[in-house]
Amino acid sequence: MTMSVTTNIERIDNRIIVKGVLFDFHRLLSYIHQIVEKLKYQSVTLDMEGCTKAFQQSMLSVCAQVMAYRQSGIDFNLIPPSEIAVKNLFKNTSWGYFLDPRQFDPSAFKGHTRIPATQYKTPDEQQIAVNKIVNVMLGAIPELKRADIAAFEWALNELTDNVLVHSDSPIGGLVQVSTFVKGAKRVQFVVADAGIGIPASLRPGHPEINSDIDALDRAIREGVTRDPNIGQGNGMFGSYEICYKSGGDFLVDSGYARLKYSPNVGFSIQEQGVPYSGTLIVATIDFSDPKLLEEALQFDGKKYTPLDYVEKKYELNQNGDILFRLQDECSSFGSRVAGKPVRHKLKNLIEMSQWGVLTVDFDGLPLLSSSFADEAFGKLFLSTGPVKFMQKVRLVNMSPIVEGLVNKAIAQRMMTGKSDVD
C-alpha cells in the first residue's frame with residue numbers, strides 16, 4: 001500500500017525536531033546515531049511538539065533504540081505532541097513512557113481494540129504478553145474461528161520468542177497490537193528489538209549469505225535458522241505464510257534491508273540507505289474470510305495444529321467443555337462498553353467449543369448493571385438463538401439480584417427481537 005505522508009525532521013545540535021506525520025523512522029534514528037556516536041552528546045531532546053500523527057511500527061522502532069541508548073547511559077528528553085489526541089496516543093500506547101519515563105507513566109489504557117506497547121525480557125514475560133494479547137483479541141473481534149486465533153497466537157509466539165533466542169537485544173523486545181474491525185477484521189502486531197539484527201544473526205550459520213537483502217530473503221524460507229540445535233527455522237516462514245494467505249501485509253526491517261509484502265503491490269526486498277540496528281517485524285492478518293487460515297500452517301507439506309490459548313486457559317476436558325470465570329475476565333461490570341468484549345468473547349468461545357458446554361461462573365460477583373447484563377447476555381442470547389443458548393450455555397453461582405438482571409435483559413431482548421449486535 002502506498003501512503004502519501006508529510007514528515008519534516010531536522011536536527012539542531014542535540015535536538016531532533018519532528019513535524020507532521022511520523023511514518024518512516026530511519027531518518028530520525030540516523031539523527032540519534034549522529035548525535036550520540038559522532039558528536040558524542042550525552043543527552044538527546046526529541047522535540048515532537050509538531051508531530052500530528054505517528055504509526056506504531058515507527059514508534060516501536062524508535063522506542064527500542066532509545067531504550068538501548070538510555071541503558072548505555074544516554075539521557076533522552078521528550079517534548080510531547082501539542083495536539084491533545086496525539087499526546088494521549090503517546091500516553092495510552094506507552095510510547096511516552098518508553099521514550100521518557102520521568103515524564104510519562106506506563107499506560108493504564110483498558111480499551112479492547114489496542115494493546116499498549118509491552119516490553120518483555122524473559123520467557124515468562126513474553127508468555128504473559130502473548131496471553132494478554134490473545135485474550136483481548138477474543139473480546140475484540142466477533143466471529144473468530146478457532147484455527148484463526150490459533151494461527152495468530154502461533155505467529156505472535158514465534159516472532160516474540162525469536163527476540164529472546166536470536167537477537168541479543170539489551171532491552172529484550174517490544175510488542176504492540178491494534179485491531180481494525182470496521183470493514184475488515186484485521187489485526188496488526190509489531191515486534192521490535194535493539195539487537196544484532198537478522199543478517200548478523202544468520203551469517204554464522206550461513207556463510208554463503210553475501211548481503212543483508214539475501215539474509216532477509218532466506219529468513220522467511222522454511223527451515224532456515226542460525227543454529228538447528230536452537231530452533232527449526234519455521235517462525236518467520238510460518239508467520240509470513242499466515243499473513244500472505246489471509247490477505248494481510250508483512251514487513252521486516254533489519255540491517256540495510258527491508259522486506260515487504262502486500263496484496264496490492266506484491267513482494268519486494270530493497271536495500272536501505274540508512275540501516276536499522278535491530279529488527280522490526282510488522283505482521284497484519286485479515287480474519288474476514290472464515291477458515292482461510294485453517295491450512296496456513298504447513299511444514300514439510302504437513303498441516304500443523306498448535307496448542308492454543310483456548311485449550312490452555314478455558315477447556316476442561318476433551319469434550320470441549322469450557323469454564324468462563326466472569327470475575328477474571330473483566331475489571332468493570334457497570335457499563336455497556338465493558339459488556340461488549342465479554343459478549344464477543346463468549347460468542348467466540350461458544351463457536352469454538354464445538355460439542356462442549358460453556359459454563360459462565362458468576363462466583364464473587366454480587367452485582368452488575370442492567371446495561372452490562374443486556375450487552376453481555378441479552379444480546380448474546382438473541383444472537384445465539386434460544387435453543388443453542390440453552391444447549392450450550394450454563395450460568396452458575398448467580399446471586400438473586402444478578403440472576404434477576406440477566407433474566408430481565410434476556411426477556412426484554414426476546415420481546416423486541418432486536419439484537420443490535422456489532
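Restricting Ile196, Ile133, Ile128 to those that are in contact with a helix residue (DSSP H, G or I) (Cβ under 7 Å, 6 or more places away or on another chain), closer than 26 Å to Asp328 by Cα and among the β-branched types (Val, Ile, Thr) reduces the list to Ile133. Just to check your reading of the model, which residue among Lys110, Lys132 is of a type in the set (Lys, Arg), part of a loop (DSSP other than H, G, I, E, B) and under 30 Å from Phe324 (Cβ atoms)? Criteria check complete, one pass: Lys110.
Considering each residue of segment 104-124 in turn, at least one proves to be within 13 Å of the chain's Cα centre (by Cα) and more than 25 Å from Ala338 (Cβ to Cβ).
The condition of being outside any helix (DSSP H, G or I), crowded, with 18+ Cβ neighbours inside 10 Å and not assigned by TED's automatic domain parsing to the domain that holds Met67 holds for only one of Leu144, Leu156, that being Leu144. Scanning segment 30-53 for residues that are buried (at least 17 other Cβ atoms within 10 Å of the Cβ) and either within 19 Å of Gln176 (Cβ to Cβ) or without any contact (Cβ under 8 Å) to a residue 12 or more places away in the chain (or both) yields Leu46, Met48, Cys51. At negative phi, buried (at least 16 other Cβ atoms within 10 Å of the Cβ) and either of a type in the set (A, V, I, L, M, F, W, C) or at pLDDT below 95 (or both): is that true of Val396 in this structure? No, not satisfied.
Identify the residue in segment 54-89 that is of a type in the set (Val, Ile, Thr) and under 25 Å from the mean Cα position of the chain (by Cα) and, among all such residues, is surrounded by the fewest Cβ atoms within 10 Å (Cβ to Cβ). Going through the qualifying residues, I end up with Ile84. Here is a check on your reading of the model: is Ile149 modelled with pLDDT under 90 and of a type in the set (Val, Ile, Thr)? Judged against the criteria, Ile149 is a match.
Among the residues of segment 242-285, those identified as touching a strand residue (DSSP E or B) at 6+ places or on another chain (Cβ under 8 Å) and assigned to a helix (DSSP H, G or I) are Ile242, Cys243, Tyr244, Ser246. Considering segment 166-187, and only residues there that are assigned to a loop (DSSP other than H, G, I, E, B) and modelled with pLDDT under 90, the residue that is surrounded by the most Cβ atoms within 10 Å (Cβ to Cβ) turns out to be Lys185.
Scanning segment 63-104 for residues that are touching a Leu at 6+ places or on another chain (Cβ under 6 Å), aliphatic (A, V, I, L, M) and assigned to a helix (DSSP H, G or I) returns Ala64, Val66, Leu99.
The values are calculated or read from the model by the stated rules, or taken from the named source; none is laboratory data. Everything numeric in this text was worked out from a predicted model, so none of it was measured. In this analysis, Cβ positions are derived from the backbone assuming ideal geometry, glycine residues included, and neighbour counts consider all displayed protein chains.
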